[in-house]
Amino acid sequence: MDVRLHADPEDFWNAAGPIYESDPIRHTIPLTVITGLRAEYRQRQNASGQISDVYGTKPLLVTITEHGETVGAAYCTPPWPLGVSGVTIDHIRPWLSFSVTSVSSSPA
């Protein structure tokens, strides 16, 4: 099992998009939020390829893969709550371990 933090919403979408598109009714909010986030990032990308912060803070974009397939995804655009899809009880421990070591130590 691999838990990965994505800095680029396009990279996140390439990994997590199939989860959200598999049930568009259930995932209406994530589809709307992530589509808007991707558009905003494309618009703010400067000539050097760097992406400026969209909302004054970076979104949290995380995927969980097993055997090369994305099985879970989570996103958060502060100050809004975390949105989680496909994360099972078996994923919680690796995700929390990843979060404690990676997310909490990354600069805001």
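Please enumerate the residues belonging to the range 77-92 that are part of a helix (DSSP H, G or I) and open to solvent by less than 40 Å² (accessible area, probe 1.4 Å). Even if it seems obvious, please write down each step before you answer.
From the range 77-92, those part of a helix (DSSP H, G or I) are 89-92; that's our starting set.
Within the range 77-92, H91 is the sole residue that qualifies.
For S105, are the conditions met, namely being modelled with pLDDT of 70 or more, closer than 19 Å to V3 by Cα and more than 13 Å from the chain's Cα centre (by Cα)?
Details: modelled with pLDDT of 70 or more: no; closer than 19 Å to V3 by Cα: yes; more than 13 Å from the chain's Cα centre (by Cα): yes.
No: the conditions fail for S105.
From the set of residues in the range 61-76 that are polar (S, T, N, Q) and touching a Ser or Thr at 6+ places or on another chain (Cβ under 8 Å), which is most open to solvent (accessible area, probe 1.4 Å)?
T70
Would you please name the residue that is farthest from the chain's Cα centre (by Cα), looking only at residues in the range 12-44 that are surrounded by 13 or more Cβ atoms within 10 Å (Cβ to Cβ) and free of Cβ contacts under 8 Å to residues at least 24 places away in the same chain? Reasoning before the result, please.
Residues of the range 12-44 surrounded by 13 or more Cβ atoms within 10 Å (Cβ to Cβ): 12-17, 19-20, 27, 30-31, 33-38, 40-41.
Now drop any that are not free of Cβ contacts under 8 Å to residues at least 24 places away in the same chain, which leaves 14, 17, 31, 35-36, 40.
Details: N14: 10, G17: 10, L31: 12, T35: 12, G36: 13, E40: 15 Å.
Checking each candidate, the answer is E40.
Any idea which residue in the range 45-60 is modelled with the highest pLDDT, counting only those that are of a type in the set (A, V, I, L, M, F, W, C) and either open to solvent by 20 Å² or more (accessible area, probe 1.4 Å) or in a strand (DSSP E or B) (or both)?
Taking the range 45-60 and keeping what is of a type in the set (A, V, I, L, M, F, W, C), we get 47, 51, 54, 60.
Checking the rest, the ones that are also either open to solvent by 20 Å² or more (accessible area, probe 1.4 Å) or in a strand (DSSP E or B) (or both) come to 47, 51, 60.
Working: A47: 54, I51: 55, L60: 88.
Among those residues, the one meeting the criterion is L60.
The values are calculated or read from the model by the stated rules, or taken from the named source; none is laboratory data. All values derive from a computational prediction rather than experimental measurement. Neighbour counts are summed over all protein chains in view; Cβ atoms, including those assigned to glycine, are modelled from backbone coordinates with ideal geometry. Protein only, heavy atoms only, side chains kept; ligands, DNA and RNA dropped before computing areas. Shrake-Rupley method; radii C 1.70, N 1.55, O 1.52, S 1.80 Å.
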